[in-house]
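Structure provided below as structure tokens; questions to follow.
Read-outs: derived from the displayed coordinates by stated rules, not from any lab. Not measured: the values here are computed from a predicted model. Cβ coordinates were reconstructed from backbone atoms using ideal geometry, including for glycine residues, and neighbour counts include every protein chain displayed.
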Amino acid sequence: MTPSVESPSSLSVEASAKAAAKAAPLVIAGRTFRSRLFLGTARYPNQQVMLDALEASGAEVATVAIRRVSLGGQSETVFDLLKDRYFILPNTAGCYTARDAVLTAHLAREALGTNWIKLEVIGDDETLFPDVEQLLQAARELVEDGFVVLPYCNDDPVTCKKLEAIGCAAVMPLAAPIGSGMGVRNPYNLQIIREQCRVPVIVDAGVGVPSDVAVVMEMGCDGVLLNSAVAQAREPVKMARAMRLAVEAGRLAYEAGRMPRRLYASASSPLEGRIQL
Amino acid sequence: MKEMTIVVNGECQPYRAQTVAELMEMQGIAPERAGIAVAVNGKVIARSRWREHQLQPDDQVEIVKAVAGG
């Protein structure tokens, strides 16, 4: 009888194939995340679709915004809905100054009991591009105040390096303007950012379809944060699953390492032993 | 004499000598609810101090919660 070391059982083959095909987990500020997809909770047709999309996306991180309560009575908040199932990442969306962003981060920390903040400081209301000067200032203050700062920023390697030097736990360059669905407008900048930064690079904003997601994951970006691409799809729940698969496919492909490109063909099947007539 | 006021979430209201918690109850917001934060004049007031922090005339009060966001 053949010893099992030479002829592994089909069970152990399956186990070893599964282990080899497993992507590395994402780690930010010492915390491990099971999914590399972060999903926003806004602009869905209704709340149930939002919840179903979150489920289908496999995301662990769900983003929320901080806004005034309406005076004179209160309904259920998005925090009540999500707090037991997701890692809630508050943002400072809508802030145009470092001062507003810092106060919003402090309010989020008090309201939600998290020192993680997706820092946004907007400089222009048509493009929603970040105000880099205010962003750097807010990031400095929040890092000093003990926050885990994840800044939404331009696809600019210099800004990303500065944010990293300040002590941000990740950088989140945009692929295209927020909510535009334009896809990856400058893949080479994202590639440079990935090569030059040591903190995780989470591509935030502007992706439209799963192929956009796959492109940035294949180049080694560590994750993707999206919202409108799912929420504004005709069927958000299906798109959520499509995005999940794209993130996983792109990451696995990056870890697998692509084949070299060749200009000319290279036969796959052996040349020896062909029949001759 | 001009009437004393405070501003709550951008809404100008007559001033009453009360704590943050009393103001919230008056606005129909239960102070024990999770997921709410308060700032007065740009400074966060910790939840543990809502029952002792006395509001002053002309205070700017912000009461916030999480909403759907991206």
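5 Å is the cut-off here: which amide hydrogens, built 1.01 Å from N in the peptide plane, fall below it relative to A:V64, excluding neighbours closer than 5 in sequence?
Residues meeting the amide H criterion: A:L89, A:N91.
If you take every residue apart from A:I192 with its C-beta less than 11 Å away from the C-beta of A:I192, what net charge results, scoring Lys and Arg +1 and Asp and Glu -1?
Here the count lands on -1.
Under a crude label model (7 Å from the Cα following the beta-carbon direction), how far is A:Q191 from A:E55 in nanometres?
Each label point is offset 7 Å from its Cα along the Cβ direction, giving 4.1 nm.
In the stretch A:171-276, which trypsin sites (Lys or Arg not before Pro) are in a loop and have at most 15 other Cβ atoms within 10 Å, using DSSP for the loop call?
Those satisfying the criteria are A:R185, A:R198, A:R234, A:R258, A:R261, A:R262, A:R274.
Go ahead and estimate [θ] at 222 nm for chain A from helices alone: -39,500 (n - 2.57) per DSSP H run with n ≥ 4, summed, over the residue count, rounded to 500.
Result for chain A, helices only: -12000 deg cm²/dmol.
Here's something else I'd like to know. Just counting partner chain Cβ atoms within 10 Å, what average do the residues of peptide A:110-119 show around their Cβ?
What the average comes to for A:110-119 is 3.
Within chain A, what is the longest stretch that has no GluC sites (Glu not before Pro) placed in a DSSP loop and near at most 14 other beta-carbon atoms within 10 Å?
Working: sites that count: A:E6, A:E76, A:E126, A:E272.
Longest stretch, sites excluded: A:127-271.
Write down the Å³ per residue value for the convex hull defined by the alpha carbon atoms of the stretch A:102-195.
97
Using a 10 Å cut-off around each Cβ of peptide B:3-10, what is the average number of partner chain Cβ atoms that fall inside? Write out the running numbers ahead of the final one.
Details: counts 0, 0, 0, 0, 0, 3, 5, 2.
Taking the mean over all residues of the peptide, I get 1.
Run through the stretch A:1-106 and list the chymotrypsin sites (Phe, Trp or Tyr not before Pro) located in a DSSP loop whose Cβ has at most 16 other Cβ atoms within 10 Å.
A:Y96
Picking from A:M217, A:M239, A:M172, which is most flexible by a Gaussian network model of chain A using Cα springs under 10 Å?
Maximum fluctuation in the GNM of chain A, among the listed residues, is at A:M239.
Just checking the output field for B:33-41: average partner chain Cβ neighbours within 10 Å of each residue's Cβ?
6
Would you mind giving the average projected area, over all directions, of the Cα convex hull of chain A in nm² with one decimal?
22.2
Out of the DSSP beta bridges found with both residues in the stretch A:94-217, what percent are antiparallel (nearest 5)?
Rounded to the nearest five, the antiparallel share is 10 percent.
Also, I was wondering about something else. Just flag the trypsin sites (Lys or Arg not before Pro) in the stretch B:1-34 sitting in loop per DSSP whose Cβ has no more than 10 other Cβ atoms within 10 Å.
Sparse-neighbourhood loop trypsin sites (Lys or Arg not before Pro): B:K2.
Taking Cα atoms, how many degrees apart are the long axis of helix A:157-166 and the longest axis of chain A, rounded to 10 and kept between 0 and 90?
Relative to chain A, helix A:157-166 is tipped by roughly 70 degrees.
How much of the DSSP beta bridge set in the protein assembly as shown is antiparallel, as a percent to the nearest 5?
Numbers: 22 of 45 bridges.
Among the beta bridges of the protein assembly as shown, antiparallel pairing accounts for roughly 50 percent.
Which distance in Å, rounded to a whole number, links the C-alpha centroids of the stretch A:151-210 and the stretch A:55-110?
With the stretch A:151-210 and the stretch A:55-110 each reduced to a Cα centre, they are spaced 22 Å.
Which percent of the Cα-Cα distances in the stretch A:1-100 go past 19 Å?
Summing the P(r) tail past 19 Å for the stretch A:1-100 gives 62 percent.
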